[in-house]
Structure formats: structure tokens, C-alpha cells
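A short worksheet on the structure shown next.
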Amino acid sequence: MKKKIVVLTGAGVSAESGFATFRDTGGLWEQFDVNEVASIEGWYRNRKLVLDFYNQRRAQLRDARPNAAHVAIAELEKRFDVDVITQNVDNLHERAGSTRVLHLHGELTKMRPENGEYDRSYSEKEVIDVGYDAVHLGDLAPNGSQLRPHIVFFGEAVPNIEKAIGLVEKADILLIVGTSLQVYPAAGLYRYASIDTPIYVIDPKPVPLSDKRVTMIQDVATKGMATFMELLRSVE
Ligand code: APR
């Protein structure tokens, strides 16, 4: 029976693929007002601004490539039962070969009908994969409503959080890569790991987790994954 590894990732795992993180110096939330481009209030205030913001990031994703950290995470599947839980909306884990990726904050290549301000429910079959194409005001879903990014905006619920908790509770090893752990509920996921589950954290900055299960690997994701793989050699 393969040991279960759960890998929780954030923007830092895609930094070496050329993507700005959110809260580092020069990060995305220094360049854009998060409330204007990534919140549900911002969407209803100015749909065009939000569509353009995600069009830009989708176009960048077309030309981006997974880095060695994404590949190393995918290669864990050779020896372990791996689930990736990512806060990222890029598809670099999938493109690196990871086969079980749970997106907490949505997916950049997908859109869905906005279904109006008072009924924001939707079904999975309404979600459309637009690849890396731009989407504009007036581009409508089959049900006639404006297409919106299939992204969890600030101010919206995180539909996959219960599933993520279930995965972390069963983890034999929890690996956290490239997240400042400042955005809940994702940031609280590690607490659901069992008391004897080792937690490894890869980040060039020391992440303030005062938890005796935590081993800090203070490095960038690509180098940190090499160190982590070394540490795993002793684990059958
Ligand atoms: N390798 C690994 N980690 C890195 C690297 C790198 N090369 N460069 C930066 N980091 C680390 C930073 O030190 C920081 O801890 O990645 C983390 C990035 O943190 P944030 O920018 O806050 O990104 P994240 O934690 O993913 O944000 C969570 O916030 O805005 C929302 O929805 C958005 O999913 C995002 C959520």
C-alpha cells in the first residue's frame, strides 16, 4: 500500500515558471487592486476590467511551462499515492503530469455563466474550457448569461474545501510548497493533518508555522523539491 502524500501549493511553486506571486515585492497585488480584479464586488462593478485581467493571465499561461518543481511533484506519483491541492489557477501541475489536482480557487482556462447577482449557483456541466483564448463582454454562455471566469473571487465560497480537508486528514505526509498561508480557508488546511503526520514546508522565506510536525526547507521550489526527494529516500 503506497503512502499518501498531499501536496498543498501556492503561487510560489509557479514563480520559477515566470509567474509573479501575489504578496512578494512586485507581486500581483502590488500591480493590481485585488478588490477591483479578483473580488465578486469588483466583477459587478466592472466586468470588462476583470475579464481583461484574466485574459492577460490566460495568455501568459499559454507561453509558460511547468518548472522542475511541478515535475518533481508529478514524479512523486511513481512511489506514493499523491493528491495535489492547489490554490493556483494555472494548469502547470496537470501539464507536468500530476493526475489528481484539486483546485481550491478555480481554473484560469475555464469560464462559466454568471447567472446573475442573486443566483450565483451553477452546475459543473455549465463550466466551459476556453483554453488560452480571451473572453469579452458579450461572450455569452449557452443559457444566455455573460461568461465569467471560473475563479473563486474574494467574497465567494470555496466549494472544494471540504474535499480538501478529507484529503489532508488521510495524508501520511503533508508537503506545502510556495504559499504564504495568509488566505483562508486554504491556509488552515494543514491543521487537519493527523498529529503524527510530518509536514514539510518549502519556501525561500521562513513560514511562521509553530507546529512541532513542521520541517522547514528554506529554499525556492525547484531546489527545495530536490532536498525533499532526498529526505524521502529513507521513507519506503
Ligand atoms: N519557490 C517557492 N516559494 C516561493 C518562490 C519560489 N521561487 N518565490 C516566492 N515564494 C513564496 C513566497 O515566499 C510566499 O510565501 O511563495 C509564497 C507566495 O505567497 P502569496 O503571494 O501570498 O501566494 P499564495 O499563498 O498562493 O496566495 C494565496 O491568495 O490572492 C489569493 O487566490 C489568490 O491563491 C491565491 C491566494
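The values are calculated or read from the model by the stated rules, or taken from the named source; none is laboratory data. Because the structure is a prediction, the values reported are computed rather than measured. Cβ placement follows ideal geometry from the backbone for every residue including glycine, while neighbour counts extend to all protein chains displayed. Accessible surface areas use protein heavy atoms only, side chains included; no ligands, DNA or RNA. Shrake-Rupley method; radii C 1.70, N 1.55, O 1.52, S 1.80 Å.
Considering only residues of region 185-207 that are surrounded by fewer than 18 Cβ atoms within 10 Å (Cβ to Cβ) and more than 10 Å from the ligand (Cβ to nearest atom), which is nearest to the chain's Cα centre (by Cα)? Among them, the one singled out is Pro185.
Of the residues making up region 208-217, those that are within 12 Å of the ligand (Cβ to nearest atom) and in contact with a helix residue (DSSP H, G or I) (Cβ under 8 Å, 6 or more places away or on another chain) number 2.
Looking at Pro206, Pro159 in this structure, which one is within 24 Å of Ala69 (Cα to Cα) and either among the hydrophobic types (A, V, I, L, M, F, W, C) or not in a helix (DSSP H, G or I) (or both)?
On the way: Pro159 fails: within 24 Å of Ala69 (Cα to Cα).
On inspection, the qualifying residue turns out to be Pro206.
Of the helices (runs of 4 or more DSSP H) lying entirely inside region 1-118, those containing at least 1 residues that are crowded, with 21+ Cβ neighbours inside 10 Å span 34-37, 40-45, 47-63, 68-75, 92-96.
Arg148 fulfils the conditions (1) among the charged types (D, E, K, R); (2) open to solvent by less than 20 Å² (accessible area, probe 1.4 Å); (3) within 12 Å of the ligand (Cβ to nearest atom) except for a single criterion, (3).
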